[in-house]
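Beneath this line is the structure, given in C-alpha cells, with notes to follow.
FYI, it's all coordinate maths here, none of it is from the lab. Only a predicted model underlies this, so the values are computations on that prediction, with no experimental measurement involved. Using ideal geometry, Cβ is built from the backbone for each residue, glycine included, and neighbour counts are taken over all protein chains shown.
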Amino acid sequence: MQERDLRVLYSLDPLRDARWCRFLVRHPRASIFHSAPWLEAIRRTYGYVPLVLTRAKPSEELESGTVFSIVHTWLVRPRLVSIPFSDHVDPLIENEEDLHALYGELQRGQKEGRWKSMELRPPAIPGQLLDWSPFQPGMSYVLHSINLETSLANILSRFHRDSIRRKIRKAERVGLVYEEGRSEHFLNEFYTLHVETRKRQGLPPPPMRWFRNVLECLQGQANIRIASKNGITIAAIFTLRYKDSAIYKYGCTRAKYHNLGGMPFLLWRAIQDAKESGAREFDLGRSDPGNSGLIAFKEKFGAERSNLTYQHFPAEDGTGFYTGHWMKLARRLFARLPKSVLVVTGKLLYPHIG
C-alpha cells in the first residue's frame, strides 16, 4: 500500500460533504461555529464561501480538519478566516504534523494567489500543546464560561451577592416578564434594542438579515429571550445551543431600566434552562481585554477565564476593526448618528469586516 503524503491537504465543501457533519458529531471539541447551519447563515448573509482543509482523501472519513470562510468582496482581497463573526473556532487538528501541513497549504495558496492571508481563532485548550511559532500572534481576547457540572444551587452561590444575586431577586420582585421565541416578533424586539445598545457603544449593528438567517438556519439551536416591564422590552439576549454547550452570543438593554436587573435575570434563566437540558458549559463568549467592565460583569457570574489569541499568516498589519486611534474617532461619530443611518452603516460595513 502506498503511504500517504503527510504534506498534502484536500479541500471539501462543508455545506455539501456529509463527512464534515459526521466528523463534528464524533469530535469532542466541535462547536456551533464549526457547524454547517452556522456556515450557511454566514454564506447567506455575507456571501462568504466556506471550505475545510483536511488530510483525508475524498474517499476517506475525516480524522482532522480546519474550517474557513473565504472573505472576498470588491473592497477586500481574498483571505481565509476561521470563522467570521464567531468568538472562537478550534482548528480540529491533533498534532504538529497536522499544523505544519496546514501551514504549508496556506503558504502554497498565498503563492498561487488563492488568498492573501489567513486568520485562525483557536481557544486555549487544556492539555493541547501545539507549536504556533510558524504563525504570527494577532489580537488577544478573554473567554469566559460557567461550569454547569454542579447543582443549580452551587452555580447560584458563585454569583456576586450584590451585583448579580440581588439584581435577580429585584427583577423577580418588580415582576419582570420573561418570554422566549424565534418569531418575527421576537426578532424585531431584539433588533430594536440591539440597535439602541450599539448606538450607546458607538458601533454599527450587524444587519438584521444576519440574525434572521441564524434563526432560520439553526432552527431550535438559536433562541431569543426577552425581559419586559409593563409591556416594554428592557433587555434581550440571543443564545445558541450545540451538543453540551449553551452560548450567550448577543445581549442588549434599555439604559433607563438598568436598575431593574434585566440582564442578570435573563442570563440566570438561560443558565437554568441550559443546566436542566443537560448542558455542561455555559459559554459567555469573548471580551476585549480593554473592556474591564464587561470582564468584571462576566466574572461576577463565577465564570472561569481563559485566553484567546488569534493566529495569522502572514503577520497582520494594524490592530483590528474595533481598536486603534481611528476607531475611537469613528465610535464617537457612530454614537451621534441617527439609528436609521447607523443601521445602513452596518449593512455597508459588515460584509468587508469578516
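A compact table of results
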read-out: Expected 222 nm ellipticity per residue - DSSP helices of 4 or more, -39500 (n - 2.57), all of the chain, to 500; value: -11000 deg cm²/dmol
read-out: In order through segment 246-256: 3J(HN,Hα) via Karplus (6.51 cos²θ - 1.76 cosθ + 1.60), integer Hz, x for Gly, Pro; value: 10, 10, 8, 9, 9, x, 8, 9, 9, 4, 5
read-out: Under 18 Å from K347, Cα to Cα: lysines that are on another chain or at least 8 residues apart; value: K199, K339
read-out: Cα gyration tensor of segment 144-307 - equivalent ellipsoid semi-axes, whole Å, descending; value: 22, 19, 17
read-out: Aspartates and glutamates whose Cα lies under 12 Å from that of K229, excluding same-chain neighbours fewer than 8 positions away; value: E172, E179
read-out: Over 32 Å between alpha carbons, listed pairs K57/K111; K170/K328; K243/K300; K243/K298; K275/K328; value: K170/K328; K275/K328
read-out: Ordering of 66-79, 175-188, 107-120 by burial proxy (mean other Cβ atoms within 10 Å per residue, highest first); value: 66-79, 107-120, 175-188
read-out: Cα-based convex hull volume of the chain per residue, rounded to whole Å³; value: 144
read-out: Global form of segment 220-354, assessed from the alpha-carbon gyration tensor, a/c cut-off 1.5; value: oblate
read-out: Segment 86-96 - phi-based ³J(HN,Hα) in whole Hz, Karplus 6.51/-1.76/1.60, Gly and Pro as x; value: 10, 5, 8, 9, 6, x, 7, 10, 10, 7, 5
